[in-house]
1. For A:Thr9, only one of the following conditions fails: (1) part of a helix (DSSP H, G or I); (2) within 14 Å of chain B (Cβ to nearest Cβ). What is its number?
2. Of the residues A:Leu125, A:Leu105, A:Leu137, which single one is within 20 Å of A:Ser83 (Cα to Cα) and either buried (at least 17 other Cβ atoms within 10 Å of the Cβ) or away from chain B (no Cβ under 14 Å) (or both)?
3. Scanning segment A:46-71 for residues that are in contact with a Leu (Cβ under 9 Å, 6 or more places away or on another chain) and within 11 Å of chain B (Cβ to nearest Cβ), which turns out surrounded by the fewest Cβ atoms within 10 Å (Cβ to Cβ)?
4. If you go through segment B:162-177 one residue at a time, how many are acidic (Asp, Glu) and either within 14 Å of chain A (Cβ to nearest Cβ) or exposed (fewer than 15 other Cβ atoms within 10 Å of the Cβ) (or both)?
5. Looking at (1) at pLDDT 85 or above; (2) touching a strand residue (DSSP E or B) at 6+ places or on another chain (Cβ under 9 Å), which is the one condition that is false for A:Pro62?
6. Of the numbered conditions (1) surrounded by fewer than 17 Cβ atoms within 10 Å (Cβ to Cβ); (2) under 30 Å from A:Thr2 (Cβ atoms); (3) modelled with pLDDT of 90 or more, A:Lys158 satisfies every one except a single condition; which is it?
7. For segment A:177-204, give me each residue that is over 15 Å from A:Leu125 (Cα atoms) and touching a Phe, Trp or Tyr at 6+ places or on another chain (Cβ under 6 Å).
8. Run down B:Leu92, B:Leu59, B:Leu63 and say which single residue is within 30 Å of B:Ser9 (Cβ to Cβ), at pLDDT 90 or above and within 14 Å of chain A (Cβ to nearest Cβ).
Amino acid sequence: MTTDISDPTELLRWWHQYQAQMLTQEADFVRNGILQEIIAIRRRLEVSCPLQPHSTTSACAPQLADLSRLYSLLEGFCDRLQSPFIADSLPLALQHAVQPWQAPLSLQVQFPTAWAPDPLEQAQLLILLIKALLSRLATWPYPPQSSALTLAAVASCKTLTFQAQYAAPLDPALSPRLEQTLQPFLETFRRFAPAHAVVLFQPDGFSLKLGWESLSASSI
Amino acid sequence: MTMTSSSESLKLLVVDDHEAVLGGTVMALEKTYPAAQICTAGTAQAALKELSYGLPHLLMMDLSIPLAPGEPSEIDAGIELLRSLLADHPDLNIVVQSAHVRSLVRLKPAIDTHQAGFTIADKNLPMQEMLTKVDWALKGLIYTPRDMRTGIEVKPEWLEVLRLAFKEGLQDKAIAEEINVAERTVRHYWTKVQDALEVYPEAGKNIRIQTEIRAREEGLID
């Protein structure tokens, strides 16, 4: 599909998709190359190493543990290059992305089982928005008492809602900084799809509601 | 096609284009199933050719494979091969061993309706865990990673099996008659709901009782 290069939004969309393709290629290079080599080394060790005397533990257990750590580090790197599930399922991609913050922010998630696919650039933006939001909240003086992230869709209208409730009033100085973090994401998202966002700050809480019309990946 | 994991006259097909990984996997399988006939294929084309000679008891495949000799490895080739296998061979036990297991979410509907064993093994798993996944698939069990689901996904017919088993006390044969399906289908519903509840075989534990405990914890049965 040709890109209308006179349209800034289409150019932005093209650039986003192009970057995503590049990052996917790099992630696949690591997965198909380096990770496969680590797996091959692991298998050779597992098959050829004897057991420790009077034990069911491999004599190469320390080396196998080192390989596992190396594999996890590289796999994490691949996941940062390209969010897992991003091309196939926004709910699963979000579920994966928020894992590091679920315990620290007492975050409950509610995502539907079925979800019509979103254009890649929209899905990526939403993931980055949520990651930026949760990273910022994790730096606040104290964590929320509870927080919740939900995805919902009615016909072609989709919404992403985040709420955080705190046990004590928040420092008013925190709100502008958070808004500064969120606004570029929200404004860029509005370039890609008809969308509206409501960001509400209360003395002891904060909520974000982003709604957009679903333009399926095939209609772009 | 489900069977116990006896190594007698067992035929396994392993599909992987990475020679060192393939070699390690085959060595591990030979140790565990010394009497098994183990065939290998390095491309999607070669895999289909092997299958034309007769179905193995289990097919183990990577997702990133070339379509044909000389072509680069691609996830799409593995996904399309698996799609055609699920469509054409509903009774084939399958293990997907890959560094790209998350891509399988694209085939979730087809995996959900597969009638035989289907397990997913991240290639980074220790060998013993990989062999456990092979054993489970040979027994007709299902294992899919938790992060491929947003929550507990249970179909009405699986719930009905739980209800008939734990509230009415029916055995599989009676449940099959009650809901008008084959007994084999009832056993398959059990593996589906056990995978949804993350209940898998554990030494010393009764899997049906574990299923009941988890089902009650999740509120699927009173």
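1. (2)
2. The conditions single out A:Leu125.
3. Our first condition is that a residue be in contact with a Leu (Cβ under 9 Å, 6 or more places away or on another chain); within segment A:46-71, this holds for A:46, A:49, A:57-60, A:63-64, A:67, A:71.
Checking the rest, the ones that are also within 11 Å of chain B (Cβ to nearest Cβ) come to A:46, A:49, A:58, A:64, A:67, A:71.
Details: A:Glu46: 19, A:Cys49: 14, A:Ser58: 19, A:Leu64: 19, A:Leu67: 18, A:Tyr71: 20.
Only one residue tops the list, namely A:Cys49.
4. Residues in segment B:162-177 being acidic (Asp, Glu) and either within 14 Å of chain A (Cβ to nearest Cβ) or exposed (fewer than 15 other Cβ atoms within 10 Å of the Cβ) (or both): 2 in total.
5. Status for A:Pro62: all satisfied but (2).
6. (1)
7. A:Asp204
8. Values: B:Leu92 fails: within 14 Å of chain A (Cβ to nearest Cβ); B:Leu59 fails: within 14 Å of chain A (Cβ to nearest Cβ).
Only one candidate passes the filter, namely B:Leu63.
The values are calculated or read from the model by the stated rules, or taken from the named source; none is laboratory data. Since we're looking at a predicted model, the values are computed, not measured. Don't worry about glycine lacking a Cβ; one is built from the backbone with ideal geometry, like all the others, and counts go over all protein chains shown.
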